[in-house]
Amino acid sequence: MRAMFLLAIGLLLAACVSTTETPAELLPPAPDRQSELTRLYDRLALLDASIADAAATTCAQGDDRDRRFLSSLWGTRPKNASAARRFGKALSATSHHEESLQWLERAYAETPASDDNLGWLRLEMAEQYLALGKRDEAINLLGNRLGATPLPAELQKKYDELIERASRS
């Protein structure tokens, strides 16, 4: 019995001592980079579109660790639909379509139902679905709108074009 106890203690000690190091790509960014990313994240919500768009572009050009850290800020900083939308669009421009879709969905969730931007957000999300090869999801998102209010002519034309493009894919 005592031998089994000592063996168990020995195995526990060996497990604690022989831990493997976490790969660098899974670690968060360095503290100075975290501070920089937090400042950029806070700029995404600014009313000055040129500053906010520049911050979004810079954020989207970061590596996976940067983007994971920025995603974690969504839960700890004030949520802002405009900021999420800007970042989603910037991620799309860098071909990070899955992450773009996630940010656009965050923007959609934070946008009031009465906001005219909801139609545009749906279009942007559908574009990401199509870029990801999910044509049925794109068509369903655009075709199954809630409410009877007609879309503005310009937006309706874009919906129709994207549905047509998705149907041919």
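Here are the numbers for the structure shown:
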| item | result |
| --- | --- |
| Condition met for residue 100 (under 20 Å from residue 61 (Cα atoms) and exposed (fewer than 12 other Cβ atoms within 10 Å of the Cβ)) | no |
| Conditions (1) among the charged types (D, E, K, R); (2) modelled with pLDDT of 95 or more; (3) closer than 23 Å to residue 118 by Cα; number of the one not met by residue 36 | (3) |
| Residue within the range 70-81 that is in a helix (DSSP H, G or I) and over 13 Å from the mean Cα position of the chain (by Cα) present | no |
| Checking residue 145 against (1) under 21 Å from residue 160 (Cα atoms); (2) crowded, with 18+ Cβ neighbours inside 10 Å, the condition it does not meet | (2) |
| Residue in the range 114-130 that is under 10 Å from the mean Cα position of the chain (by Cα), surrounded by fewer than 22 Cβ atoms within 10 Å (Cβ to Cβ) and at pLDDT 95 or above present | no |
| Residue satisfying all of: in the range 94-113; among the small types (Gly, Ala, Ser) and within 13 Å of the chain's Cα centre (by Cα); farthest from residue 155 (Cα to Cα) among these | 95 |
| Test: residue in the range 148-157 that is in contact with a Phe, Trp or Tyr (Cβ under 6 Å, 6 or more places away or on another chain), assigned to a helix (DSSP H, G or I) and surrounded by 15 or more Cβ atoms within 10 Å (Cβ to Cβ) | no |
| Residues being surrounded by 10 or more Cβ atoms within 10 Å (Cβ to Cβ), among the hydrophobic types (A, V, I, L, M, F, W, C) and part of a helix (DSSP H, G or I) - total across the range 23-40 | 2 |
| Output for the range 110-139, where each listed residue is part of a helix (DSSP H, G or I) and among the acidic types (Asp, Glu) | 110, 124, 127, 136, 137 |
| Selection count, the range 41-53, where residues are closer than 17 Å to residue 93 by Cα, surrounded by 16 or more Cβ atoms within 10 Å (Cβ to Cβ) and free of Cβ contacts under 8 Å to residues at least 40 places away in the same chain | 2 |
| Candidates 104, 162, 142 - the one that is part of a helix (DSSP H, G or I), farther than 19 Å from residue 38 by Cβ and in the same structural domain as residue 38 (by TED's automatic domain parsing) | 104 |
| Unique residue being closer than 20 Å to residue 105 by Cβ and out of contact with any His (no Cβ under 9 Å at 6 or more places or on another chain) when the list is 49, 54, 83, 30 | 83 |
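The values are calculated or read from the model by the stated rules, or taken from the named source; none is laboratory data. Not measured: the values here are computed from a predicted model. FYI the Cβ positions are ideal-geometry reconstructions off the backbone, even for glycines, and counts take in every protein chain you see.
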